[in-house]
1. State whether the range 1-80 is rounded, prolate or oblate according to the following rule on the C-alpha gyration tensor (a ≥ b ≥ c being the square roots of its eigenvalues): a/c under 1.5 gives rounded; otherwise a/b larger than b/c gives prolate, and the remaining case gives oblate.
2. Going through the cross-link list 39/154; 22/56; 79/135; 77/145; 112/154; 74/112, which pairs have a Cα-Cα distance over 25 Å in this structure?
3. Only Cα pairs within less than 10 Å get springs; with that Gaussian network setup on the chain, which residue of 147, 108, 65 has the largest fluctuation?
4. Taking amide H positions as placed 1.01 Å from N in the peptide plane, with prolines and chain starts having none, which residues 5 or more places from residue 55, or on another chain, fall under 5 Å of its amide H?
5. Which value, in debye to the nearest 20, describes the size of the charge dipole of the chain about its Cα centre when Lys and Arg Cβ atoms bear +1, Asp and Glu Cβ atoms bear -1, and nothing else is charged?
6. Based on DSSP H runs of at least 4 residues, each adding -39500 (n - 2.57), what is the mean residue ellipticity at 222 nm of the chain after dividing by all its residues, to the nearest 500 deg cm²/dmol?
7. With the other protein chains left in place, how much accessible area per residue, in square angstrom, belongs to the range 1-151 at a 1.4 angstrom probe?
8. Have a look at 94, 55, 36 and tell me which one the Gaussian network model of the chain (Cα, springs below 10 Å) gives the largest fluctuation.
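The values are calculated or read from the model by the stated rules, or taken from the named source; none is laboratory data. Given the structure is predicted, the values throughout are model-derived calculations rather than measurements. Cβ placement follows ideal geometry from the backbone for every residue including glycine, while neighbour counts extend to all protein chains displayed. Keep in mind that these areas ignore ligands, DNA and RNA; they rest on the heavy atoms of the full protein, side chains included. Shrake-Rupley method; radii C 1.70, N 1.55, O 1.52, S 1.80 Å.
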Amino acid sequence: MKEWFEGKTVAIIGNAMSLFDKEYGAEIDSHDVVVRLNKAAMLYERMDAIKSHGRKTDVWIFWNTSEYKNYFHKHPKVKKMHAGHQARFEANTRLVDFVYPMIPNYETLKRKAGNHNNPTTGLIALDWILYCQPKSLDIYGFDWKETPTFTDPKRVRDRSCPHDYPTEKKYVEEEILTLPNVRLRS
């Protein structure tokens, strides 16, 4: 939904463990729209998360509705977006507010995602938000697996759902972070 982001200041929050070492919480919450990826919308069980990650969540973007639908009742006012190619059947997609378009968006992004043709939820989210023309986009908690994610500290999922992090990082550095309204907060 373009109106979620168009002309607004947007913060997108990834899952890198390195974000817990920062104190960006108030800065993140000052944005018009705060987007959280996958399990980042459920991180408040960690007592220090508000200091590093903020409290606000407006949009929750995840790779597969099936994995998260049991948590939807805890976040009734948060807009939900199914981003991945998995489980795009009606029983799941009717539970969310928006489904990232396979054609042309996903098919185009697959070619930019590197060896596995499997873009991360983060890359899909960046692509969609920028397509919607925000006033600004600040990126937090993205380090392309230089540190583990707080949701998968042992990197077990990397084996079952491989991504090409170096290629995605290079693409983001060359094509996204060069835009005047985008900055990486690391």
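1. oblate
2. Going by Cα-Cα distance, 77/145; 112/154; 74/112 fall outside the 25 Å limit.
3. 108
4. 29
5. 460 debye
6. -5500 deg cm²/dmol
7. Solvent-accessible surface per residue comes out at 46 Å².
8. For the chain, modelled as a Gaussian network with Cα springs under 10 Å, the answer is 94.
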